[in-house]
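Trainee: Next up is a structure, given as structure tokens.
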Protein chains: 2
Amino acid sequence: MILNNRKVSEKTIRRLSHYARCLRHTRIKGKEIVTSEYLAKRCGISSAGVRKDLAVFGEFGKQGSGYDVLGLLANIEKILGTGKPLHVIVIGAGNIGYALLKSGLEGTGGYHYTAIFDSDPEKQGKICAGIAIQPMAELRETIRELGEVIAVIAVPDGEGQECVNQLVEAGCNAILSFVLEPLDIPEGVKLRYMEISTELDILTHSMMRTGRIGR
Amino acid sequence: MILNNRKVSEKTIRRLSHYARCLRHTRIKGKEIVTSEYLAKRCGISSAGVRKDLAVFGEFGKQGSGYDVLGLLANIEKILGTGKPLHVIVIGAGNIGYALLKSGLEGTGGYHYTAIFDSDPEKQGKICAGIAIQPMAELRETIRELGEVIAVIAVPDGEGQECVNQLVEAGCNAILSFVLEPLDIPEGVKLRYMEISTELDILTHSMMRTGRIGR
DNA sequence: GCGTGTGAACCTCTTCACAGCG
DNA sequence: CGCTGTGAAGAGGTTCACACGC
């Protein structure tokens, strides 16, 4: 097994995440072996693509039959670094932050919402989905206790950069942002965005091109 | 001006959406001219990339100075089909659906949450962010009234496919899904996913590769 | 001089087709 | 025989470098 540390494209990693989700679902159905064609169909790509993605990291399949569901899932989780518990903290106890915590992260393979923070003293101490809302001042201490965390930020527009600064300062180096402002981060910190409006734009453009709307 | 109907990659469309967001922000600051370098820095790509993206659709810039903020924004919105009002309806008045409606779509360039639906009779009739929760039975009628819509689905796991079926049946052909199940759609219907768990996986992998966590 | 628009080089990713193994 | 793993071909996207126009 290789499980190498080579540079792999984000596209490949994204697809591995999809394979993992698909395999978890397949596992529940009791199926023990899948083919590259099976994963391909369910993830919307070609079977050669699936095999290429997996071949980067090792030879996980059995020729003539396919891939062992449990074994392949374990390997993909090893590649991604998922599968073991990992704490996710939420910054901003507004509508989105609240909804995320209440929705939970069941079936995602190890992630759990562990803490929520808000700069508004009014909200601090209140309970959300069984977790007390903490003041930002406790960020550093909490992250120190939890160890590695991913922070999801869902603060009002305009407060994103300050929030990121505090997170970085507190030792967090992985952030998922629902805030759309372009955020500055130091070297080494990982940042990604959830952009509903961009997805809507892509859908709109697609509708227009196929002539569904006259624009 | 070309504004052609050629096939353009999703990557390009996604970047145009970012340019548009950036330009709206720039407009507020009162800046009237921007260079490709300016947009590039703020969107995290190369200036040549920005120029290539725009050149696909026409010659929007002035050599020696740059791009007119208002003019370029208008052109990009024309390309994307955005800028004019477009109704967004939400299916599922759970945590996420509720939060989306309350958060609104300010500053996104024309989108508005107009209606929300839920199959639970308990929730129907209740008011969320000023909008009454409607039963699924009214889907077709509402879509007929609104004209073109994009539907955002935020229903519980396992109910996604049934929800999509009803939407398609009711005449909706653009869907943004917070549900992670692989959803079947007929030819011509556009479907995209918001996948928090995939973004977390990408962050986790990235952390692992850079040696931040030992996994 | 400055910044756009663009052909050409470069690089990456995807698809194809098949050898090889169970 | 069926399906994986993979070199080779092809497609697509990005970067480079510079001519051109303001």
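Trainee: Considering every residue in B:110-121, what mean count of other chain Cβ atoms within 10 Å of its Cβ is obtained?
Mentor: Per residue, the average neighbour count from other chains is 1.
Trainee: How far, in nm to one decimal, is B:K7 from itself in the other copies if the label point is set 7 angstrom along Cα toward Cβ? Shortest first, please.
Mentor: 2.9
Trainee: Residue by residue through A:191-197, how many Cβ atoms from other chains fall within 10 Å of the Cβ on average?
Mentor: That works out to 6 on average.
Trainee: Let me ask something additional. Per the Debye formula with a single identical scatterer at each Cα and no solvent contribution, what log10 I(q)/I(0) holds for chain A at q = 0.08, 0.11, 0.14, 0.17 Å⁻¹?
Mentor: -0.38, -0.69, -0.99, -1.18
Trainee: Can you run phi through the Karplus equation (6.51, -1.76, 1.60; θ = phi - 60°) for the range B:69-77 and list ³J(HN,Hα) in whole Hz, with x for Gly and Pro?
Mentor: Those phi angles translate into 4, 5, x, 5, 4, 4, 5, 5, 5 Hz.
Trainee: Something else: Looking at the square roots a ≥ b ≥ c of the eigenvalues of the Cα gyration tensor of the range B:95-149, which shape do they give, rounded for a/c under 1.5, prolate if a/b is larger than b/c, or oblate?
Mentor: oblate
Trainee: Related question: Would you grab the residues whose amide H sits under 5 Å from the one on B:F117? Only those 5+ places off in sequence or on another chain, please, with H modelled 1.01 Å from N.
Mentor: For B:F117, whose amide H was placed from the backbone, the distant partners under 5 Å are B:V90, B:I91, B:G92, B:Q134.
Trainee: Relative contact order of the range B:86-198, please, whole-number percent, based on alpha carbon pairs below 8 angstrom and at least 6 residues apart.
Mentor: With pairs under 8 Å counted, the relative contact order is 24 percent.
Trainee: Can I ask one more? Can you list which of the GluC sites (Glu not before Pro) found in the range A:13-86 are DSSP loop residues with at most 14 other C-beta atoms within 10 Å?
Mentor: Loop-located and lightly packed - A:E32, A:E59.
Trainee: To continue, here is another question. Residue by residue through the range A:110-125, which ³J(HN,Hα) values in whole Hz follow from phi under the Karplus form 6.51 cos²θ - 1.76 cosθ + 1.60 (θ = phi - 60°), with glycine and proline marked x?
Mentor: Rounded to whole hertz, the list is x, 7, 9, 6, 10, 8, 9, 10, 8, 7, 7, x, 4, 8, 4, x.
Trainee: Could you pull out every one of the aspartates and glutamates with an alpha carbon less than 14 Å from that of A:K84, ignoring same-chain neighbours closer than 8 positions?
Mentor: Once the sequence-local aspartates and glutamates are set aside, what remains near A:K84 is A:E106, A:E148, B:D201.
Trainee: Determine the distance separating the Cα centre of the range B:114-147 from the Cα centre of the range A:65-105; give it in Å without decimals.
Mentor: 32 Å
Trainee: In the range A:10-80, what is the volume of the convex hull around the alpha carbon atoms, normalised per residue and reported in Å³?
Mentor: Given the Cα convex hull of the range A:10-80, per-residue volume reads 75 Å³.
Trainee: May I pose another question? Between chain B and chain A, with a rotation axis joining them, whose C-beta in B is nearest that axis, and what is the whole-Å distance?
Mentor: B:A99, 2
Trainee: Rounded to the nearest 500 deg cm²/dmol, what is the calculated helix-only ellipticity per residue at 222 nm for chain A, with -39500 (n - 2.57) per DSSP H run of length n ≥ 4?
Mentor: That calculation yields -12500 deg cm²/dmol at 222 nm.
Trainee: Where the label is 7 Å out from Cα toward Cβ, how close does B:G130 come to the same position in every other copy, in nm, shortest first?
Mentor: Copy-to-copy label distances at B:G130, shortest first: 3.7 nm.
Trainee: Along the range A:39-56, what does the Karplus equation 6.51 cos²θ - 1.76 cosθ + 1.60 (θ = phi - 60°) give for ³J(HN,Hα), rounded to whole Hz, x for Gly and Pro?
Mentor: In residue order, the calculated couplings are 5, 4, 4, 6, 10, x, 9, 8, 5, 5, x, 4, 5, 4, 4, 6, 5, 4 Hz.
Trainee: Just the number: Rg to Rh for the protein assembly as shown, Cα atoms, Kirkwood Rh, two decimals.
Mentor: Ratio of gyration radius to Kirkwood radius: 0.96.
Trainee: Follow-up. Identify the GluC sites (Glu not before Pro) of the range A:81-166 meeting these criteria: DSSP loop state and at most 10 other C-beta atoms within 10 Å of the C-beta.
Mentor: Those satisfying the criteria are A:E106, A:E122.
Trainee: For a 32 Å ceiling on Cα separation, which of these pairs sit above it: A:K123/B:K41; A:K11/A:K102; A:K11/B:K52; A:K31/A:K78; A:K11/B:K126?
Mentor: A:K123/B:K41; A:K11/B:K126, as the Cα separations exceed 32 Å there.
Trainee: Starting at 0 and stepping by 10 Å, how many percent of the alpha carbon pairs of the range A:115-194 end up in each bin?
Mentor: Values per bin, smallest distances first: 18, 53, 27, 2.
Trainee: Right, next: Between the label point of B:S46 and that of the same position in each other copy, find the distances and list them shortest first in nm, with every label point placed 7 Å from Cα along the Cα-to-C-beta direction.
Mentor: Relative to the other copies, B:S46 has label-point distances of 2.7 nm.
Only the coordinates and a few stated rules stand behind these numbers; no lab work does. Not measured: the values here are computed from a predicted model. Cβ atoms come from the backbone with ideal geometry, glycine included; neighbour counts cover every protein chain shown.
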